[in-house]
Amino acid sequence: MTKILHVTADFPDVFVKNKTTAVKNLVNGCVFESFVVSINRKNIPGKTEFVRDGNVLSVKYFSPPLGILNIFFLRKLAGEICNFIDCRSFDIVHAHKLCVEGVIADVICENSKAKLVCSLWGSTDHKFLSKLKWNRPVYRRLIEKAALVLPASPWISEYAYNIFGLKMRNVHLLPIVTENIKHTFSSDCNDRMVTVFNLDLFELKGLENLLRAIKLFGDESPALDIFGGGTEDSVNKISRLIHSLELEDKVFLKGRVENADIVEILSQYLFFVMPTRSETFGMVYIEALFANIPIVYSRDRGVSGYFDEVLVGSSCDPLSIESIRDALSFCMKNNSRIRFDINRLHLDGFFSKFTRDSILYGYNSLLGAL
């Protein structure tokens, strides 16, 4: 049977248990025998730590911050991994990001007959491709070598194409698996907008510019409910930001929400908004669309590119307060029309590409054809 080695920095492991479940959901749905190498970078020099638990090898390794000499340290780590497990037993090595895991997977493939599969994830890969320009020849070679390239969103695929100036072969979009999505339509929504995120990431999620856009919008702006948990420090910072903009009567912290309840809660709102500054995919956008509400999302981040030909809301420049304000205004003024279009797209099967079964079927089919 085909054996797959997954190399990822985004898998819950013994060192960091609260990582995103995105890769875990994909691995759990893989029909082939899978082994996971879960990597964790540390800033303090020291011996690489390995902890194996069943089919997951948790690894903590040293590499300097800011990408300094990261190719050297990633290749060194790959050699250590090959010494710890028999990498020659695998048929496919899936690097779940190009610019980090891809470097490790490349060395493993060199020491075996395995084929290389590379995902392209917007946040990390965009950062490395844009800032570590001296490493681009390495990344280009990985793209050329890969038997499959799996971008999470159209925009990161287009960005990589423009960077390398080459036609990437065997490119297939692979959305991130979003759990607990079921089309939910509520004809009795309130007059408020909503956002959901980890409050500790409020700066990354563009909250300050969103609040400033609400302030710029003025009295006509809908109220905003913010769902999500975070540390006391983060909650206090957000509360002070709301107070400093005199938005206590417009913006409300609603606390943590269970993931299984998100779609039902979102369906009660006018529209969803999250002008994130950086985002690999953004599963909550998909959850909002399955709640049948319009979305305000960032251009060239997250799910950007999936909805260019349809009407599901409004994209914005997350760095422009005016652009965010205009997107809010558009979703408020055209709310009924957008909801109608989203519902029609559900009936036409447009959103089926984002369902767990569809993603896993596509992934397993692509791997099985290698």
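The values are calculated or read from the model by the stated rules, or taken from the named source; none is laboratory data. As the structure is a prediction and not an experimental result, all values here were calculated from the model. Here Cβ is always computed from backbone atoms with ideal geometry, including for glycine, and neighbour counts include all displayed protein chains. Just the protein is used for accessible areas: all its heavy atoms, side chains included, with ligands, DNA and RNA removed. Shrake-Rupley method; radii C 1.70, N 1.55, O 1.52, S 1.80 Å.
Cβ separations smaller than 7 Å between residues 6+ apart or across chains give the following pairs from the range 353-370 residues that are under 15 Å from Lys115 (Cα atoms) and in contact (Cβ under 8 Å) with a residue 12 or more places away in the chain to residues that are of a type in the set (Lys, Arg) and open to solvent by 40 Å² or more (accessible area, probe 1.4 Å): Leu370/Lys115. Report yes if some residue within the range 159-170 is more than 30 Å from Ala260 (Cα to Cα), of a type in the set (D, E, K, R) and part of a helix (DSSP H, G or I); otherwise report no. Checked against the condition, which is being more than 30 Å from Ala260 (Cα to Cα), of a type in the set (D, E, K, R) and part of a helix (DSSP H, G or I), the range 159-170 yields no hits at all. Of everything in the range 38-76 that is in a strand (DSSP E or B) and among the polar types (S, T, N, Q), the residue that is nearest to His96 (Cα to Cα) is Ser38.
Within the range 189-219, being without any contact (Cβ under 8 Å) to a residue 40 or more places away in the chain, among the charged types (D, E, K, R) and part of a loop (DSSP other than H, G, I, E, B) holds for one residue alone: Asp219.
How many of the residues making up the range 246-283 are among the β-branched types (Val, Ile, Thr) and open to solvent by 20 Å² or more (accessible area, probe 1.4 Å)? Summing the residues that are among the β-branched types (Val, Ile, Thr) and open to solvent by 20 Å² or more (accessible area, probe 1.4 Å) in the range 246-283 gives 3. In this structure, is Arg339 in contact with a Phe, Trp or Tyr (Cβ under 6 Å, 6 or more places away or on another chain) and either in contact (Cβ under 8 Å) with a residue 24 or more places away in the chain or of a type outside the set (S, T, N, Q) (or both)? Judged against the criteria, Arg339 is not a match. Any residue at all in the range 139-148 that's within 25 Å of Ile68 (Cβ to Cβ) and not in a helix (DSSP H, G or I)? Among the residues of the range 139-148, not one is within 25 Å of Ile68 (Cβ to Cβ) and not in a helix (DSSP H, G or I), which makes the answer no. Enumerate the pairs (first residue in the range 84-103 and without any contact (Cβ under 8 Å) to a residue 60 or more places away in the chain and part of a loop (DSSP other than H, G, I, E, B); second residue anywhere and surrounded by 17 or more Cβ atoms within 10 Å (Cβ to Cβ) and of a type in the set (A, V, I, L, M)) with beta-carbon separation below 8 Å, excluding pairs fewer than 6 apart on the same chain, so at least 6 apart or on different chains. That search, which allows pairs on different chains as well, returns Ile85/Val37; Ile85/Leu57; Cys99/Leu129; Cys99/Leu132. Look at (1) crowded, with 17+ Cβ neighbours inside 10 Å; (2) without any contact (Cβ under 8 Å) to a residue 24 or more places away in the chain; (3) among the polar types (S, T, N, Q) and you find that Ser234 fails only one, number (2). Name the residue, out of Val117, Val138, that is touching a residue at least 24 places away in the same chain (Cβ under 8 Å) and either touching a Pro at 6+ places or on another chain (Cβ under 7 Å) or closer than 24 Å to Lys24 by Cβ (or both). Answer to the selection: Val117.
Can you name every residue in the range 106-120 that is of a type in the set (Ser, Thr, Tyr) and touching a strand residue (DSSP E or B) at 6+ places or on another chain (Cβ under 7 Å)?
Within the range 106-120, just Ser119 meets the criteria.
For Thr195, are the conditions met, namely being closer than 14 Å to Arg256 by Cβ and buried (at least 22 other Cβ atoms within 10 Å of the Cβ)?
Against the criterion (closer than 14 Å to Arg256 by Cβ and buried (at least 22 other Cβ atoms within 10 Å of the Cβ)), Thr195 qualifies.
Pick from the range 15-54 the residues that are open to solvent by 80 Å² or more (accessible area, probe 1.4 Å) and of a type in the set (S, T, N, Q): which of them is modelled with the lowest pLDDT? Top of the filtered list is Asn18.
Within the range 4-37, can you find the residues that are assigned to a strand (DSSP E or B) and within 17 Å of the chain's Cα centre (by Cα)?
Within the range 4-37, Val7, Thr8 meet the criteria.
Residues in the range 145-161 that are crowded, with 21+ Cβ neighbours inside 10 Å and either among the hydroxyl-bearing types (Ser, Thr, Tyr) or over 14 Å from Phe281 (Cβ atoms) (or both) were compared, and the one that is farthest from the chain's Cα centre (by Cα) is Ala146.
Between Tyr361, Tyr297, Tyr306, the distinction of being within 30 Å of Glu33 (Cα to Cα) and open to solvent by 10 Å² or more (accessible area, probe 1.4 Å) belongs to Tyr361 only.
From Phe307, Phe350, Phe354, Phe340, grab the single residue that is out of contact with any strand residue (DSSP E or B) (no Cβ under 9 Å at 6 or more places or on another chain) and under 20 Å from Glu158 (Cβ atoms). So the residue among Phe307, Phe350, Phe354, Phe340 that is out of contact with any strand residue (DSSP E or B) (no Cβ under 9 Å at 6 or more places or on another chain) and under 20 Å from Glu158 (Cβ atoms) is Phe354.
The number of residues in the range 105-144 being under 12 Å from Ile92 (Cα atoms) and β-branched (Val, Ile, Thr) comes to 2.
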